[in-house]
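The values are calculated or read from the model by the stated rules, or taken from the named source; none is laboratory data. Nothing here was measured: the structure is a model prediction, and the numbers come from that model. In this analysis, Cβ positions are derived from the backbone assuming ideal geometry, glycine residues included, and neighbour counts consider all displayed protein chains. Please note that ligands, DNA and RNA were not included when accessible areas were found on the heavy atoms of the full protein model with its side chains. Shrake-Rupley method; radii C 1.70, N 1.55, O 1.52, S 1.80 Å.
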Amino acid sequence: QVQLVESGGGLVQAGGSLRVSCVVSGRTFSWYMLGWFRQAPGKEREFVAAISQNGGKDYADSVKDRFTISRDNAKNTVYLQMNSLKSEDTAGYYCAATRRLGARRSASEYDYWGQGTQVTVSS
């Protein structure tokens with residue numbers, strides 16, 4: 001069984017930075033492609049960023065040049081560094097994992113999910 005646990009969310013002012021983390025346990029971390037999604041109240045879950053098994057990265061247009069996804073295979077952890085935060089970035093942030101190859105944008109292609117961590121950006 002694969003488990004994902006996010007941490008690092010919180011309250012930050014607009015223009016500030018925050019890093020969220022996700023620890024993955026239960027299987028060989030390097031097998032998995034990892035993604036970050038977010039969901040705001042009343043809205044659908046949306047893709048934020050993904051990183052493939054070999055380090056290839058993909059970003060939603062809304063976060064490109066502001067957010068950076070990275071992975072540390074030695075620590076079984078994926079990170080999302082968020083800079084220049086805006087109020088519209090406020091959401092629950094969820095990490096997800098799949099053994100499918102390549103960066104994926106569709107939530108339906110991910111097999112395992114964390115419980116989420118809340119990020120609130122005040123304007």
What's the percent breakdown of Cα-Cα distances in segment 1-75 across 10 Å bins, shortest bin first?
16, 47, 31, 6
For the chain, what does the accessible surface come to per residue with a 1.4 Å probe? Please give it in Å².
50
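Go ahead and run the numbers for FRET between Glu109 and Lys75, Cβ-Cβ distance against an R0 of 25 Å, rounding to 0.05.
On the way: r = 25 Å, r/R0 = 0.98.
About 0.55, to the nearest 0.05.
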If a paramagnetic tag sat 7 Å from the Cα of Gln13 along the Cα-Cβ line, which residues of segment 71-92 would have the backbone N under 17 Å from that point?
83-88
